[in-house]
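Student: Here it is, the structure, as structure tokens.
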Amino acid sequence: DSETLFWSIIEEGFKNKVSSNNHEEYIKRVQEEYRVIKMGDVIDYFLILWDIINWAKRNDIVVGIARGSAGGSLISMLMGITELDPIKFDLLFSRFLNEGRILKSLPDIDTDFEADKRALVKAYIEERYGKNYVCSVGTYTTLQVRGIIKDFSKIFGAKFEDVNIITKKF
């Protein structure tokens, strides 16, 4: 079942990534994180991410080490979802998940894949989990005229005084 697989992956990560001189601190942290993850009923979420990231790594697709507050999850590190050791870098799990947050929203683990192979990752996810359950998410920003003028003037070496005169007109 999911929980058995979840724990076997964590145990394997523990053997490979944690030195024997500080086991107690790591065990305590795993127990604390597990309590919150179990409370939110999101073990399958972690397993899906583990599956996707491990597939990418097995297929020589570069995966980012961690982004955002998910770097504070020891369980994510032990599962290979992230690569940062949150205890070593004093990162807080509570910034990623806590009792108040887990009952209101799902965890958010941003994952980066090398740009020219993202389509392969998406194809794997669609094949594995079903095309109707996969979507692309993108963010868009707008460029302000003054910012564009300043950026281009830096590139072309325009004088600061001239750029200020121009941008004040917008």
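Student: Specify the angular offset, from 0 to 90 degrees and rounded to the nearest 10, of the alpha carbon long axis of helix 43-58 from the longest principal axis of the alpha carbons in the chain.
Tutor: It works out to around 70 degrees.
Student: So which of Lys17/Lys88; Lys38/Lys104; Lys38/Lys88; Lys57/Lys131 end up more than 20 Å apart by C-alpha?
Tutor: The pairs that break the limit, which is 20 Å between Cα atoms, are Lys38/Lys88; Lys57/Lys131.
Student: Roughly what angle does helix 23-39 make with the longest principal axis of the chain, taking Cα atoms, 0 to 90 degrees, to the nearest 10?
Tutor: 80
Student: Computed from the coordinates I sent, Kirkwood radius over Cα pairs in Å equals one of (1) 18.9; (2) 16.5; (3) 18.2. Tell me the label.
Tutor: (1)
Student: Apply the Debye scattering formula to the stretch 18-59, with a single equal point scatterer on each alpha-carbon and no solvent, then give log10 I(q)/I(0) at q = 0.31 Å⁻¹.
Tutor: Normalising to I(0) and taking log10 leaves -0.90.
Student: R0 = 22 Å: FRET efficiency of Asn22 with Leu92, Cβ-based, nearest 0.05?
Tutor: Step by step, r from the Cβ atoms, then E = 0.80.
Student: Find the accessible area per residue for the chain; the probe is 1.4 Å, ligands and nucleic acids are left out, and the unit is Å².
Tutor: In whole numbers, the chain has 68 Å² accessible per residue.
Student: Something else: Would you work out which of Leu84, Val30, Ser69 lies farthest towards the positive end of the dipole of the chain, given +1 charges on the beta-carbon of Lys and Arg and -1 on that of Asp and Glu, about the Cα centre?
Tutor: Ser69
Student: If I compute solvent accessible area with a 1.4 Å probe over the protein chains, what percent of it on the chain is carbon and sulfur?
Tutor: 54
Student: Next question, about the same structure. With r as the distance between the Cβ atoms of Glu114 and Asp44 and R0 = 25 Å, compute the FRET efficiency 1/(1 + (r/R0)^6) and round to 0.05.
Tutor: Between Asp44 and Glu114 the formula returns 0.40.
Student: Turning to a different aspect of this structure: Run the helix sum for the chain: -39,500 (n - 2.57) per DSSP H stretch of 4+ residues, divided by residue count, reported at 222 nm to the nearest 500 deg cm²/dmol.
Tutor: After summing the helix terms and dividing by the residues of the chain, the value is -16500 deg cm²/dmol.
The values are calculated or read from the model by the stated rules, or taken from the named source; none is laboratory data. Only a predicted model underlies this, so the values are computations on that prediction, with no experimental measurement involved. Glycine also receives a Cβ, built like all others from the backbone with ideal geometry; neighbour counts cover every protein chain displayed. Keep in mind that these areas ignore ligands, DNA and RNA; they rest on the heavy atoms of the full protein, side chains included. Shrake-Rupley method; radii C 1.70, N 1.55, O 1.52, S 1.80 Å.
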